[in-house]
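The values are calculated or read from the model by the stated rules, or taken from the named source; none is laboratory data. Because the structure is predicted, anything quoted here is derived from the model rather than measured. Every residue, glycine among them, receives a Cβ derived from its backbone with ideal geometry; neighbour counts consider all protein chains shown.
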Amino acid sequence: MIHSLFLINAAGDIFLEKHWKSVVSRSVCDYFFEAQERASEAENVLPVIPTPHHYLLSVYRHKIFFVAVIQSEVPPLFVIEFLHRVVDTFQDYFGVCSEVMIKDNVVVVYEVLEEMLDNGFPLATESNILKELIKPPTILRTVVNTITGSTNVGDQLPTGQLSVVPWRRTGVKYTNNEAYFDVIEEIDAIIDKSGSTITAEIQGVIDACVKLTGMPDLTLSFMNPRLLDDVSFHPCVRFKRWESERILSFIPPDGNFRLLSYHVSAQNLVAIPVYVKHNISFRDSSSLGRFEITVGPKQTMGKTVEGVIVTSQMPKGVLNMTLTPSQGTHVFDPVTKLLSWDVGKINPQKLPSLKGSMSLQAGTSKPDENPTINLQFKIQQLAISGLKVNRLDMYGEKYKPFKGIKYMTKAGKFQVRT
Amino acid sequence: TLQRCLPLPTLRGEWQSGLVGSRCPGKVSPTGWISVLHFTVNEDLKQMLESSKDSAKLDAMKRIVGMIAKGKNASELFPAVVKNVASKNIEIKKLVYVYLMRYAEEQQDLALLSISTFQRALKDPNQLIRASALRVLSSIRVPIIVPIMMLAIKEASSDLSPYVRKNAAHAIQKLYSLDPEQKEMLIEVIEKLLRDRSTLVAGSVVMAFEEVCPDRIDLIHKNYRKLCNLLIDVEEWGQVVIIHMLTRYARTQFVSPWKVKEYSENNFYESDEEQKEKDQKVKDTYSMDPDHRLLLRNTKPLLQSRNAAVVMAVSQLYWHLAPKSEASVVSKSLVRLLRSNREVQYIVLQNIATMSIQRKDMFEPHLKSFYVRSTDPTMIKTLKLEILTNLANEANISTLLREFQTYVKSQDKQFAAATIQAIGRCATNITEVTDTCLNGLVCLLSNRDEIVVAESVVVIKKLLQTQPAHHGEIIKHMAKLLDNITVPVARASILWLIGEYCERVPKIAPDVLRKTAKSFTDEDDLVKLQILNLGAKLYLTNSKQTKLLTQYVLNLGKYDQSYDIRDRTRFIRQLIVPNEKSGALSKYAKKIFLAQKPAPLLESPFKGRDHFQLGTLSHTLNSQATGYLELSDWPEVAPDPSVRNVEIAESAKEWTGILGKPKKEKPTEKFYSESEEEEDESAGTNSSGRYLESILHLHCLENCIFRTDLCLNKIEKVTKKSRAVYKIRKSEAKVYVTTQVSVPAKTHELLHRMSGKGLAAHYHFSRQPGIFGDHMVSVQVTVTNTTDHKIENIHIKEKKLPPGMRMHEFSPIECLEPAGSITVSVGIDFCDSTQIASFQLCTKDDCFSVSIQPPVGELLLPVTMSEKDFKKEQGMLTGMNETSAMIAVAPQNSTRLVIIEKLVKAANLGVVPSGQDNIHRFAAKTVHSESLMLVTVELKGSSTAQLIINTEKTVIGSVLLRELKPVLSQG
C-alpha cells in the first residue's frame, strides 16, 4: 500500500525518507513541489496528487509535509489517517513534532516507522505497543544509555500485540493509582452581523489519563447520556454495552488517550457564551476607517470567560491601525493584515473594548466585505451542553484508585460576521 | 574512536553538498581524491563495525541509519554491516535489519550471507523472533531466495502463533511482487490463511488476497460469514481492507435491494393497476439474503470508529449495498468526520458531494454543517459550496441564497467566483428563483472586482440562454461592460450573447463589432474567435450595415498568427460570402449559424463520478487509478447462496455423492481418533494464544467432522460432537471467549413423506450463534424428495406465529431432483418461549402445514466465564431467581466427563471450569433476551445430586429444570 514516505519542511527540503518496498527516487517529490508552488499557501496543497507512475498523498502538520508515495488504488483516507497517526506517534514520543526533534532522534524515528508498517501495511500503530518495542527517549534514559551502553530497543518482546486487549500493555504498575477524565467541549458557531446565530454545534471529547495497576475494568456513566447525538469510541469501549445501557465500559489503555468524541446535535439549542458588538466602517472617499469592538458575556452559567483572543483578517486595503484596548494587548501585522487582540478575562462589570481608526490605502475603493472576527475563549468547570458524568467504577482490581473529572468549554471555530 | 570520527561526518556532508552534490559520492565523484576521502570516512565506520565493543558498533549503525534516512548512499558498507546480522545486541540487530532491507537488492550476493541467520531464527521457540525473521527475510528482494521464501511462508502459515501467521500473510504480497510466477502456490497459502479464525490474521490475509488474486471470489464463499462475524474485533486497518473486499463480493453474490423502487420508476407509463400488480409481485419475490443482511448488520457499529478510514469504508458499503432507505444512517457519521483535519475533510466532502447529487435527502438535515467559514482553506470552501448547491431545493433556497450573498463578498476571490457559478446552478435548477438570481447577478456586474464581474457575465450568459425572451435590457447592459472588462472569457461571453441575440439589439450589435474590429489584433484568441462569430452572424442578418466590417475582420483573421483563427476565418468566409466555388452549404449559412441552440446544462462537476466506487483513490482523482477494481453490477439472479453454508452445503453435496456407497465407517473412526489427538495437543500448549492455536487444528478437523455428520444423520442416533469456536462479544468482558458445543444429531420430523406426497422434511438445531440475527435460533431443515419426479419451488408460506415471534425463512428451492436432498437454514426468534412456530411448507403444487417446537435447551447459547465470575453472577441471581431440585444420579453417570456430556447434549450450555470435583457448573444465555442461565450440579453422595438453576427468566428456568432432571438418572 504505502510505498515510501518523505518528510519535507517549509523550505522545501526533504529531510527524511523511508521506503517500505523497493526504493522510489526522491525526484518524485518534484511533482509535489510543483503543486506546492501552484497552491500559494501550504494549506491549499491538494492532499492527493497524481503523477505519471505514482500517487502522492500528503498531510501538513507542524509545518511539515508528510508525503506518502502510493503505486496503486487504495482508499485515500486509509493513507491519510495513517499519516496522521504517524504524526500523533511522534508527538507522543518526543513531546513536540518538529523538524529539529525528528532530526535529533532520527534513529528512533526510523525504528518506529519500521515497526508501524510492514510492506506498506500497518502493523503496529497502537502507541502502547510501540512504546514497548521502542522506548521513547527521555533525558534520564539517554544519560543512562551513554554510561551503560544499553539501548532504546525494548529487550522484552511485547505481548500486547497478541492479547485480547492489544491497546494495553501487560504488567503495568503504579504506586499511586489515578484516573483523570477531562470533558472538553468546543462550540463551533457562525454568528451573523446582527448577532443572531446562523449555525452552532457542540463537539465534545473525553480525554483520559489513566495510570492504574494491572488490568482494571472501568465503567463510566452519565447523568444525561441522551444528549450525545453521535459518538465515536476508542477501540477499548464495548459497543454493545453502550447500545443497550448507555454506559461506557472499557479496559483502558495505559496513559493518555481519547476515550470518546461526541457531537451534540444542532437541534438542541446551543448556548452562546459570549457576544461581540462591532462597528467597523470604511468610507468610500476618505482614507480613514472606524473600528470598534466590544466583547461581553452572554450565557455563561455564572462562570468566568477567560483566555479570550480576538483575531481578524483585515482587507488588503488596510495599511495600518491605530487602536486602544481597554484591557489586554493587541498587535496588527501590516504585512499579513492580521489583527490579534489578546483580551484575557472578561469582567462583566467593565466590558473589554478595542477602539480606534484604520488608515486605508489612498485611491483604492472600499472593501466589499467587513472582516470576519474569530474568537477564542475558555470557560473552566463547565460543559456547555450540560453533560455530566454520573459515576466511575472500577472492577477487576482490588485497590482504590484516585478519580478526577474536569469540565471545560472552549471556542472551536467561532466566527462573527460583521 | 569517538573522537576521531566526530569531525568527519560534517566534513563528509560539506563535500557532498558543496562539491559533488551527488547521491553516490563514492562512485561518481569527479576527482580521485574525494573518493579517497570518502573511503577513509567509511573506513572509519567499518572499523567501528568490526570493533569488539557493542557500543562502537551501535554508534556506527546509528550513523549509517542516519545516512539512509537522509537519502545518502551507504551501500559500500554492506560487507561490514552484514557481518553483524547475528549480533546479540537487539538494537544493533534491528538496525542491521533496516540496512539489509534497504540495500539487499543492490548487493544480492553479499545479502545471501545473512540468509542462514534468518533460517535459523525461523525455528526459534519465541514466536516474535520467528515473526520478525520472516518479516526481514521476505523483505530482502533477492530473486535467488524465492524458493526459500516460499518454503518459509508455507511453514509460517501453519505456525501455531497467529502473529507469525499474520506475518506470513504479509510475506505473501512481498513474494508475489518479487516473483509473480509463484502466484498459484501463493493462492494455496492464501486459501489456507483465509480459513484462519484469528482476528490478527484476517485483515492481512484479505490484503494479500486483494493484491494477488482479487478475482478468485470463490475463495471467499466459505469464509464470508466468518469474516462478517470477526470484523468488529479485527484491528482498524484490517477492517478497512475487509470491508472494501466484502463490498465487491456482495455485489457479485446478492440481488439488488433497490429493485423494488427502480421497477416502479421504469413502469411510470403503465396504468396504476398494472403498476400495483407488478409492485406486489416484486415485493413478494424480493427478500434480502440473510448473508447480505448479516454484512450490513455487522458493519453498522463500525460507523462509531475513531478511524476516519473505517467510517468511510462502512459508508461506501452502505451506499453500494444497503436498501435506499437504510443508506442514510451513514450521513451523521460522515458529517462528524468534518471536524477532523483538512485532508480528511477534503476526501469526505468529495464523497458527500457525489452522494448528495443522487440523494439530497441524506444530507439535507445537516445543511448547516456545510456552511463555509472564512478560515477554511479554499479547496474545502469550494467543496462545501458544491454540496450546498447540490442540496438546494425550493424549501431551503432562500436561506441558501442569503448565505451565498456573504460568500460572494469574500476576500477570497476564487471562492467568490465559485459562488457565482453556484448561484447560476441554483437558478437553473429551481425555476422559482431564476429571476431573483438573475437580478442578483446583474447587480454583481457593477462589482469592483474584475474576477467577480467576469464570472457573473459567464453565468448570466448561460442563464439567458435558457430563457432569452425578455432580457434585451440585460444584454444592452452587458454590451456597455465590454469597454471595461479585460478578462477574455467574459469578453468572449458578451460577444457571443450579442451575436446570438443580435436581432434583439439591432442598433448596438454593429457598433460592438466596430469597436472590437478596432482592437482585434490585441485580443485573446478566445475573444478573436467570438469576434469572427459575431461578424458572421451580423453579416447574415444585417449585411447592409456590417458587410465591410465583417470583411475587414475576416482579413485580419486571415493573417493571424494562430492556426485556429486562420482556419476559422477561412471556414467562415467560404460559408457566408457567396462565390462560385462555395457549394450548396452557403444557402444554409443562416440556419447553421443562427440555429436554436440548446441551453447548457449547469451540472455538478461531481456528476459523473459515481461510477467509481466511493472512498477510492479513483473517485478522488476522477480517473481510474492503477489497480482499481471495478464494482460489478448486481446480478439479475443471485448465484447459489448455499456456497456460503460452511458445513451444510458441503455435506449435502457429498451426501448425494456418497449415497449408497459403503464409506460410512471410515470417516467416523478418523474423526474420533483425531479429536483425541487434538485435545492432547491443546492441553500441551500453554502460551497465550492457546485457543487460537487449537482452532487452526480444529479447522482441518471440521471437514471430516461434517463428512461424518451425514452418515451420522442417516443413522440418526449417534451424537455428533464438534467444536465450534466463536467469540461472543457479550456486554460483560469477562463473559466471552471460546466454548465447546456439542450438537445433538437428533433430528425431528417436520413432514413425513407419506403426508407430504413424497416430500419429506426433517429438522435439527445446529446451535450456531445467529447468522440471521442476534435473537434467532437457527434450525437446519433437510428436505428430501422421495418421489420419482422433480419437485419445484419449495418455499415457506403462511407463517402463523404467536405475537412477538419472528421467522427468517430460507430462500425458495427452485428444484429438487428425485432422491435428492438439500439442507437449508431457517432462523426463528422464539422469544425465549417454547411456543410452537407453525407455517406451511409449499411446493409448486401443494401446501403442507408443519410446525416446530423447540426444546427449552435449544433456546440458549453457551457462554464461557471464569468460576469467579460465575459465582459472582450467581450471587446476584438468588431468591426468586433460583430454582433447585434433588435428583437421582445413576452410578455410571457420576463422573465429570459423563455429566458434562449428558448435560451439554440436553441443552446448549457452556462448561465453566470448576475447582471442586463434586460441583459442575454450566453457563448460557437465552437467545432472545440474553439473560444469563446458570446451571449447577452438585453431587451429594453417590446417587443423588442437587440441580440448581439461577436465572432472571424464571419460567424458562423451571422448564429447563424439569427437562434436565431425568438426564442424569437414566442410564
Going through B:Glu809, B:Glu814 one at a time, which residue ends up being among the acidic types (Asp, Glu), crowded, with 16+ Cβ neighbours inside 10 Å and at negative phi?
B:Glu809
Taking the criterion of being within 11 Å of another protein chain (Cβ to nearest Cβ) and modelled with pLDDT under 85, would at least one residue in region B:46-54 satisfy it?
yes
Considering only residues that are surrounded by 12 or more Cβ atoms within 10 Å (Cβ to Cβ), touching a helix residue (DSSP H, G or I) at 6+ places or on another chain (Cβ under 9 Å), within 12 Å of chain B (Cβ to nearest Cβ) and not hydrophobic (A, V, I, L, M, F, W, C), which ones fall in region A:1-48?
A:Ser4, A:Glu17, A:Lys18, A:His19, A:Lys21, A:Ser22, A:Glu43, A:Asn44, A:Pro47
Does at least one position in region A:259-273 carry a residue that is out of contact with any strand residue (DSSP E or B) (no Cβ under 6 Å at 6 or more places or on another chain) and assigned to a strand (DSSP E or B)?
no
Could you say which residue among A:Phe94, A:Phe82 is of a type outside the set (S, T, N, Q), crowded, with 24+ Cβ neighbours inside 10 Å and more than 7 Å from every other protein chain (Cβ to nearest Cβ)?
A:Phe82
Among the residues listed as B:Val452, B:Val433, B:Val408, the single one being more than 19 Å from B:Pro365 (Cβ to Cβ) and more than 12 Å from chain A (Cβ to nearest Cβ):
B:Val433
Scan region A:282-323 for residues that are without any contact (Cβ under 8 Å) to a residue 40 or more places away in the chain and either within 14 Å of chain B (Cβ to nearest Cβ) or in contact with a strand residue (DSSP E or B) (Cβ under 6 Å, 6 or more places away or on another chain) (or both) and jot them down.
A:Lys298, A:Asn320, A:Met321, A:Thr322, A:Leu323
Listed residues A:Phe233, A:Phe181; which is among the aromatic types (Phe, Trp, Tyr), crowded, with 19+ Cβ neighbours inside 10 Å and under 30 Å from B:Leu367 (Cβ atoms)?
A:Phe233
Going residue by residue through region B:63-76, is there one that turns out to be crowded, with 21+ Cβ neighbours inside 10 Å and without any contact (Cβ under 8 Å) to a residue 24 or more places away in the chain?
yes
Which one of these does B:Glu343 not meet: (1) farther than 28 Å from B:Thr431 by Cβ; (2) under 26 Å from the mean Cα position of the chain (by Cα); (3) surrounded by fewer than 23 Cβ atoms within 10 Å (Cβ to Cβ)?
(3)
If a residue counts only when it is within 12 Å of chain B (Cβ to nearest Cβ), within 22 Å of the chain's Cα centre (by Cα) and closer than 17 Å to A:Gly412 by Cβ, which strands (runs of 3 or more DSSP E) contained entirely in region A:195-250 have at least 2 such residues?
A:197-211, A:230-233
Here's a check for you: in region B:906-939, which residue that is in contact (Cβ under 8 Å) with a residue 24 or more places away in the chain, part of a strand (DSSP E or B) and among the charged types (D, E, K, R) is farthest from B:Val863 (Cα to Cα)?
B:Arg921
Look at region A:276-295 and say how many of its residues are closer than 24 Å to A:Gln376 by Cβ and surrounded by fewer than 16 Cβ atoms within 10 Å (Cβ to Cβ).
4
Just give me the residues in region A:55-68 being more than 9 Å from chain B (Cβ to nearest Cβ) and either under 15 Å from A:Cys97 (Cβ atoms) or over 25 Å from the mean Cα position of the chain (by Cα) (or both), in sequence order.
A:His62, A:Lys63, A:Ile64, A:Phe65, A:Phe66
Of the residues B:Asn84, B:Asn89, B:Asn126, only one is facing another protein chain (nearest Cβ under 8 Å), surrounded by 19 or more Cβ atoms within 10 Å (Cβ to Cβ) and either farther than 21 Å from A:Trp20 by Cα or in contact with a strand residue (DSSP E or B) (Cβ under 9 Å, 6 or more places away or on another chain) (or both); which?
B:Asn89
Among B:Val311, B:Val372, B:Val330, which is the only one that is within 10 Å of chain A (Cβ to nearest Cβ), under 27 Å from A:Lys240 (Cβ atoms) and at pLDDT 90 or above?
B:Val311
Of all residues in region A:368-418, count the ones that are of a type outside the set (S, T, N, Q) and closer than 30 Å to A:Glu292 by Cβ.
17
What are the residues in region A:109-128 that are in a helix (DSSP H, G or I) and either more than 7 Å from every other protein chain (Cβ to nearest Cβ) or within 24 Å of B:Ile242 (Cβ to Cβ) (or both), if any?
A:Val109, A:Val112, A:Leu113, A:Glu115, A:Met116, A:Ser127, A:Asn128
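Results for (1) in a helix (DSSP H, G or I); (2) within 12 Å of another protein chain (Cβ to nearest Cβ); (3) out of contact with any strand residue (DSSP E or B) (no Cβ under 9 Å at 6 or more places or on another chain); (4) of a type in the set (Asp, Glu), shown as yes or no for each residue.
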{"site": "B:Leu77", "(1), (2), (3), (4)": "yes, no, yes, no"}
{"site": "B:Ala80", "(1), (2), (3), (4)": "yes, no, yes, no"}
{"site": "B:Lys93", "(1), (2), (3), (4)": "yes, yes, no, no"}
{"site": "B:Glu155", "(1), (2), (3), (4)": "yes, no, yes, yes"}
Picking from A:Leu162, A:Leu133, which residue would you name as being more than 8 Å from chain B (Cβ to nearest Cβ), within 25 Å of B:Glu235 (Cβ to Cβ) and modelled with pLDDT under 85?
A:Leu133
Of the residues in region A:175-186, those that are part of a strand (DSSP E or B) and away from chain B (no Cβ under 12 Å) come to A:Glu178, A:Ala179, A:Tyr180, A:Phe181, A:Asp182, A:Val183, A:Ile184, A:Glu185
Apart from one, (1) among the aliphatic types (A, V, I, L, M); (2) out of contact with any helix residue (DSSP H, G or I) (no Cβ under 8 Å at 6 or more places or on another chain); (3) more than 10 Å from chain B (Cβ to nearest Cβ); (4) touching a residue at least 40 places away in the same chain (Cβ under 8 Å) all hold for A:Leu260; the odd one out is (3)
For A:Asp333, state whether it is out of contact with any His (no Cβ under 6 Å at 6 or more places or on another chain), without any contact (Cβ under 8 Å) to a residue 24 or more places away in the chain and acidic (Asp, Glu).
yes
Where a residue in region B:594-606 is closer than 27 Å to B:Lys384 by Cβ and its partner, wherever it lies, is among the acidic types (Asp, Glu), with Cβ under 7 Å and at least six apart
B:Ser604/B:Glu386; B:Phe606/B:Glu386
Scope region B:97-123; condition away from chain A (no Cβ under 12 Å) and either of a type in the set (A, V, I, L, M, F, W, C) or not in a helix (DSSP H, G or I) (or both); matching residues
B:Gln107, B:Leu110, B:Ala111, B:Leu112, B:Leu113, B:Ile115, B:Phe118, B:Ala121, B:Leu122, B:Lys123
Would you mind listing the strands (runs of 3 or more DSSP E) fully within region A:298-392 where at least 1 residues are among the hydroxyl-bearing types (Ser, Thr, Tyr)?
A:306-313, A:318-325, A:329-333, A:338-344, A:353-360
